[in-house]
1. Tell me, what is the FRET efficiency for R292 and R247 to the nearest 0.05, using R0 = 35 angstrom and their Cβ-Cβ distance as r?
2. Could you work out how far apart the two model spin labels at T102 and A323 are, taking each label as a point 7 Å from the Cα in the direction of the beta carbon, and quote it in nm?
3. Given R₀ = 35 Å, what would the calculated FRET efficiency be for I213 paired with S29, taking r from the Cβ atoms and rounding to 0.05?
4. To the nearest 10 degrees, how steeply does helix 91-101 sit against the main Cα axis of the chain, on a 0 to 90 scale?
5. GNM, the chain, Cα, under 10 Å: largest mean-square fluctuation among S62, S140, S227?
6. Given the DSSP H assignment, sum -39500 (n - 2.57) over each helix run of at least 4 residues in the chain and divide by its residue total; what's the result at 222 nm in deg cm²/dmol, nearest 500?
7. So for H136, H97, fewest C-beta neighbours within 10 Å to most, what's the order?
8. For a quick check of your reading of the filter: which chymotrypsin sites (Phe, Trp or Tyr not before Pro) in region 1-102 sit in a DSSP loop and have no more than 15 other Cβ atoms within 10 Å?
Amino acid sequence: LSSPPLIINTWSGPFTAATNAAFLALSNSSSTALDAVQAGCQACQTNQCDNAVGFGGSPDESCETTLDALIMDGQTLNTGAVANLRRVKDAVGVARHVLDYTQHTLLAGDQATQFALQNGFEEESLSTEDSLRACHEWRSNNCQPNYRSNVLPNPLSSCGPYSPSSSNSHTQNNIPNSSSSSDHSHDTLSLLALSPSGSMAACTTTNGASHKIPGRVGDGPIPGSGSYVDSTAGACGATGDGDLMMRLLPCYQAVESLRRGLSAQEAADDAVRRIIARYPEARTGIVVLDNRGEHAAAASGWEFTYSYRGAGMDEAKVVVVKAL
Ligand code: SD4
């Protein structure tokens, strides 16, 4: 149990910049919980947090980096999200515009880009030398992982011909290899905030899965999957194999479990167990925060670490979570 102002982060290491930016914002009485999570996600988008969030990471089959993001207000359930956002760096900023200035919840693809440009965001390439090099190395290495479950050639890249593979062969392939708590193992930042007045917010920002089929949207921008918050119960953020996780809406599941009286740990364990009952190989990690400040995490397929910073703490604290 930690006291607010409290920030929970799906990750640590280079992502600590996000925890600190959000914590400082939440400690400033003029910022809301929503402002705080946005500031935290933007800190990592800007400095790329180890190329795992924002521009320059996780190129798709055609070498393009695209972004998914979501931001949610726990008081109103108002949500803004963007999926497969192209050529605009501040994905969570655009998501906040969807929340603040539209009746919609989720905009996708080139039209999300158009919306962003109409609202003053800059059009920029999301590729870097590093992301292009990673893509070209992947291509010269027979293009594994292979998200295509049949032998149809891929017209968009120079990767063909594809070898046959079973359906759902993408399990684990897209997530950076991590048998340890290496700082390179996540692609997704989710932040949860609990303010001293009890208001809560959540955000998620990610460049998704590497070498995905262009147009693929992950779990990040899906309410209830990438993150979810309802201040009458609590909040949750997720990272891992989004193609599988989004089928079971683990964050909605966990927050509703809090409402039904489960502890944060029980709710996190339950949500992950539901995924691995179906997909034993799935690599997952979720963090859960109840509206009193109790927090916990559960994971499968990797050793997961998350971090938090609450009232009176000079720096973020890291928690290591064993796989279920
Ligand atoms: C996705 N959940 O797009 C993200 C990837 C991730 O650690 O979290 N990787 O599927």
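1. 0.70
2. 3.8
3. For I213 and S29, the calculated efficiency is 0.15.
4. 60
5. Residue with maximal mean-square fluctuation among S62, S140, S227: S140.
6. Taking each H run of at least 4 residues, the total per residue is -8500 deg cm²/dmol.
7. So the residues, fewest neighbours to most, are H136, H97.
8. Counting only loop positions with at most 15 other Cβ atoms within 10 Å, none of the chymotrypsin sites (Phe, Trp or Tyr not before Pro) in region 1-102 qualifies.
Read-outs throughout are calculated quantities, based only on the coordinates presented, and are distinct from any laboratory measurement. Just so it is clear, the model here is predicted, and its values are computed rather than measured. When we count neighbours, we look across all protein chains shown, and the Cβ atoms used for this are built from the backbone with ideal geometry, even at glycine.
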